[in-house]
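The values are calculated or read from the model by the stated rules, or taken from the named source; none is laboratory data. Quick caveat: nothing in here was measured; it's all calculated off a predicted structure. Note that each Cβ is placed from the backbone with ideal geometry, even for glycine, and that neighbours are counted across all protein chains shown.
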C-alpha cells in the first residue's frame, strides 16, 4: 500500500474568513450596532406608537388606581411632531368617553390623564354634580365615583356646579372619574387637541390592595 498517496480532502485556505480569528474591535462594533439599532427602534416606538405611564394621583379612581402602570396608544390620534406638537399624519379624533393622556395646560412639564366629556362644539354644564352635554344628562361611567355628599355652589368653586360652556374648536373638555377629587376642565379650562399624547388602553400592572389581587387588562373592561 502506498502511504504517500494524497487524499482528496481540501486543505483549509489561509485566506478563508471562517478560519480567521475575529478581533475584539469587530465584535465590539457588532454589539454596538445592535444596541444602537435597538435604542433607535425603542425611541421611535415610545415617541410615535406606544408609551408606558404610571398613574401618580387618585383623580381617576376607581378606573385607575394610584401606582397603576398603563400603556398609551400614541398612534391612534395621529403622528405628531414631538417638539412643536404639529400633526404630521392625521388619524382618528378623541371621542367622548375616551381616557386620554395630555400635556397639562398650566404646567407643560406635567402629563395629566382624564376622561373626555366634551369635544369641539359641545356645550357642557355641571348641575349638582350631574354632567350635561348639549342639554342631555350624561350618566357617570361605571367606575366613576363621588366621595363628598356636599353640593358646592358655583359662587364658591366649579366642582359641582359650572357652565354652561362651549368647547372651542380643536379642544376637549375633560374630567376625572373621581369626580369630587379631580382637578380638571371644570377648574382650568380646555385641552388643545395638539397636546393630547394618546389613548390609554391597557393596564399592564396594577395592585388592588382592597381586594388583594392584581388588575390587568384593557382599561374599559376593568370594573370594581
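Observations on the model:
- Complete set of residues in the stretch 125-153 that are part of a strand (DSSP E or B), more than 15 Å from residue 174 (Cα to Cα) and in contact (Cβ under 8 Å) with a residue 40 or more places away in the chain: 145
- Residue match in the stretch 203-223 (condition: more than 30 Å from residue 49 (Cα to Cα), modelled with pLDDT of 95 or more and in a loop (DSSP other than H, G, I, E, B)): no
- For the stretch 74-93, the tally of residues that are buried (at least 18 other Cβ atoms within 10 Å of the Cβ) and either assigned to a strand (DSSP E or B) or touching a helix residue (DSSP H, G or I) at 6+ places or on another chain (Cβ under 7 Å) (or both) stands at 2.
Here's the yes/no breakdown for (1) buried (at least 16 other Cβ atoms within 10 Å of the Cβ); (2) under 28 Å from residue 74 (Cα atoms):
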| position | (1), (2) |
| --- | --- |
| 135 | no, no |
| 152 | no, no |
| 176 | yes, yes |
| 200 | yes, yes |
| 213 | no, no |
| 218 | no, yes |
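- Check on residue 37, under 25 Å from the mean Cα position of the chain (by Cα) and either under 17 Å from residue 172 (Cβ atoms) or surrounded by 11 or more Cβ atoms within 10 Å (Cβ to Cβ) (or both): no
- Qualifying residue in the stretch 117-124 (condition: at pLDDT 95 or above, under 19 Å from residue 181 (Cα atoms) and not in a strand (DSSP E or B)): no
- Selection count where residues are part of a loop (DSSP other than H, G, I, E, B) and either buried (at least 17 other Cβ atoms within 10 Å of the Cβ) or on the phi > 0 side of the Ramachandran plot (or both), scope the stretch 178-198: 4
- Consider the stretch 51-69 and keep the residues that are over 19 Å from residue 116 (Cα atoms) and touching a residue at least 60 places away in the same chain (Cβ under 8 Å). The one that is surrounded by the most Cβ atoms within 10 Å (Cβ to Cβ) is 68.
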